[in-house]
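Reviewing the structure listed below.
The values are calculated or read from the model by the stated rules, or taken from the named source; none is laboratory data. Remember, it's a predicted structure, so these values are computed and weren't measured experimentally. Don't worry about glycine lacking a Cβ; one is built from the backbone with ideal geometry, like all the others, and counts go over all protein chains shown.
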Amino acid sequence: MGMELPRLSLLFLILVFGFDWGFFSGVYSYSRPPPRKTIFVEHESGDADSATSPQQVHISQVGQDKMRISWITDTPTPAKVVYGPSPGSNGFSASGTTSSYHYTMYESGEIHEVVIGPLNPNTVYYYRLGDPPSAREYTLKTPPSQFPIKFAVIGDLGQTEWTTSTLQHIAKSNYDMLLLPGDLSYADFIQTLWDSFGRLVEPLASQRPWMVTQGNHEIEKIPIIHKTPFTAYNARWRMPYEESGSDSNLYYSFDLAGVHLIMLGSYTDFDPNSAQYKWLQGDLGKVDRERTPWTVVILHAPWYNSNTAHQGEPESYAMKAAMEDLLYRSQVDVVFAGHVHAYERFTRVSGDKADNCGPVHITIGDGGNREGLASKYIDPKPEISIFREASFGHGQFEVVNATHALWTWHRNDDDEAVAGDSVWLRSLSSDPACKL
């Protein structure tokens, strides 16, 4: 787990970044603190046959009562899961699909996906992978079907020593689901780093559903050499987009325990004529606030940002101009974003002004990436910015009931019991002043 990046991969990284990085992903340069060393996690198998043993196991929610289990093997093996509510049980089984992808000279392992269920809410299940089943038995816990529910929120995670600290804190938080607003592995064209990332997060991601959206580091498009963006992301982290009527894995929505969650794509078309805009418009129109009194949006590039980093990027200001009114008219409660490697919480806001009926915007791009923190802020601090700090950490969004939720941000330097920032939020659907 402590190995440095392989030399060949490092050389490839240097060659790629010899080009203007903004040419590939639209990121604008600014002064960063010194980066941290990237961790490379090797595959360590407990099975006799390591070529067919599962690795990079992670789960995601599908509908109200199903889970998608994803894993990779080096060689072909059936995509099958046996599972049950007690250790060693194999009373249920399900089969799925297997795929792979090519990226320049890299060929992925066998990517298996199996949807299991129906599952009972708030219940621990035991599962084994493959046919014959792997020797190792995994456990997962399904989220509750009603309040309260706790979400862990982290952006720009990466795989450094800061990342491991963040993951250790999250593991202690007893969360029900993790939300990740983009920039997962920081593989940046080096596909073996996707494998390393999958192994790094497996201890958590195999036990609780991880729901993700993409960031600029997932684009991985190289002119002439590799023209298709999001190849690795779409192959490895399939989300339940079809169930919400979306035509793209880059944006989707789902309901969970009284919360409607919308994952948007900052790096795919979002103008009023785009498929994403029309999907979002239709999705918001279907929200029943009696059934899901909370609405939460997750995206990568923040619409509100008083950090000097990532100012003037169309993924932020143009997307905000196109979609902010849709969110306001639909009474979206909270917007979580990443991209800026720091923490910032705004008041309820719309149209660049404080508005008690607008969403709270929170930037949580401080998971532990290798590029370091964005420590420079615009001075003076805008009145709409309530709290901002350039520290690594993670957030917890605990929706207590239909009317109130507690948001806390924990910096990595503190003990888990210490909250760096905390605020109680009231759902807009329960606020008489914001009734449509």
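Worth a mention:
- Whether a residue is at pLDDT 95 or above, more than 24 Å from the chain's Cα centre (by Cα) and not charged (D, E, K, R) was assessed, and Ser100 does not pass this test.
- Of everything listed in (1) over 27 Å from Val340 (Cα atoms); (2) crowded, with 19+ Cβ neighbours inside 10 Å, the single unmet condition for Asn273 is (2).
- Restricting attention to the range 372-397, the residues being surrounded by fewer than 19 Cβ atoms within 10 Å (Cβ to Cβ) and either on the phi < 0 side of the Ramachandran plot or not in a loop (DSSP other than H, G, I, E, B) (or both) number 13.
- Candidate set: the range 398-422, residues that are in contact with a Lys or Arg (Cβ under 7 Å, 6 or more places away or on another chain) and of a type outside the set (Gly, Ala, Ser); chosen: the one modelled with the lowest pLDDT: Glu416
- When restricted to residues that are touching a Phe, Trp or Tyr at 6+ places or on another chain (Cβ under 9 Å), in contact (Cβ under 8 Å) with a residue 40 or more places away in the chain and buried (at least 24 other Cβ atoms within 10 Å of the Cβ), the range 335-346 contains 7.
- Candidates in the range 93-114 are the residues that are of a type in the set (A, V, I, L, M, F, W, C) and either buried (at least 16 other Cβ atoms within 10 Å of the Cβ) or not assigned by TED's automatic domain parsing to the domain that holds Arg136 (or both); of these, the one that is farthest from Tyr138 (Cα to Cα) is Ile111.
- When the range 60-70 is filtered for residues that are β-branched (Val, Ile, Thr) and surrounded by fewer than 22 Cβ atoms within 10 Å (Cβ to Cβ), only Val62 remains.
- If you filter the range 414-434 down to residues that are part of a loop (DSSP other than H, G, I, E, B) and surrounded by fewer than 20 Cβ atoms within 10 Å (Cβ to Cβ), you find that the one that is farthest from the chain's Cα centre (by Cα) is Asp431.
- Listed conditions (1) more than 23 Å from Met263 (Cα to Cα); (2) aliphatic (A, V, I, L, M); (3) not in a helix (DSSP H, G or I) are all met by Met211, apart from (1).
- The listed residue being among the hydroxyl-bearing types (Ser, Thr, Tyr) and surrounded by fewer than 17 Cβ atoms within 10 Å (Cβ to Cβ), out of Thr123, Thr52, Thr142, Thr73: Thr123
- Matching strands (runs of 3 or more DSSP E) fully within the range 251-329 where at least 1 residues are in contact with a helix residue (DSSP H, G or I) (Cβ under 6 Å, 6 or more places away or on another chain): 252-256
- Of everything listed in (1) of a type outside the set (Asp, Glu); (2) in the same structural domain as Pro302 (by TED's automatic domain parsing); (3) on the phi > 0 side of the Ramachandran plot, the single unmet condition for Met177 is (3).
- For the range 330-351, a residue qualifies if it is in a strand (DSSP E or B) and out of contact with any strand residue (DSSP E or B) (no Cβ under 7 Å at 6 or more places or on another chain), and exactly one does: Ser350.
- Criterion violated by Ser145 - all others in (1) in contact with a Phe, Trp or Tyr (Cβ under 7 Å, 6 or more places away or on another chain); (2) modelled with pLDDT of 95 or more satisfied: (1)
- Taking the listed residues Arg36, Arg32, the one that is modelled with pLDDT under 95, touching a Leu at 6+ places or on another chain (Cβ under 8 Å) and within 28 Å of Thr192 (Cα to Cα) is Arg32, with no other qualifying.
- Residues of the range 398-413 classified as of a type outside the set (A, V, I, L, M, F, W, C), within 23 Å of the chain's Cα centre (by Cα) and either in a loop (DSSP other than H, G, I, E, B) or more than 14 Å from Arg388 (Cα to Cα) (or both), total: 3
- Candidates Tyr304, Tyr233, Tyr241, Tyr251, filtered to the one that is crowded, with 18+ Cβ neighbours inside 10 Å, free of Cβ contacts under 8 Å to residues at least 60 places away in the same chain, of a type outside the set (S, T, N, Q) and in contact with a Phe, Trp or Tyr (Cβ under 6 Å, 6 or more places away or on another chain): Tyr241
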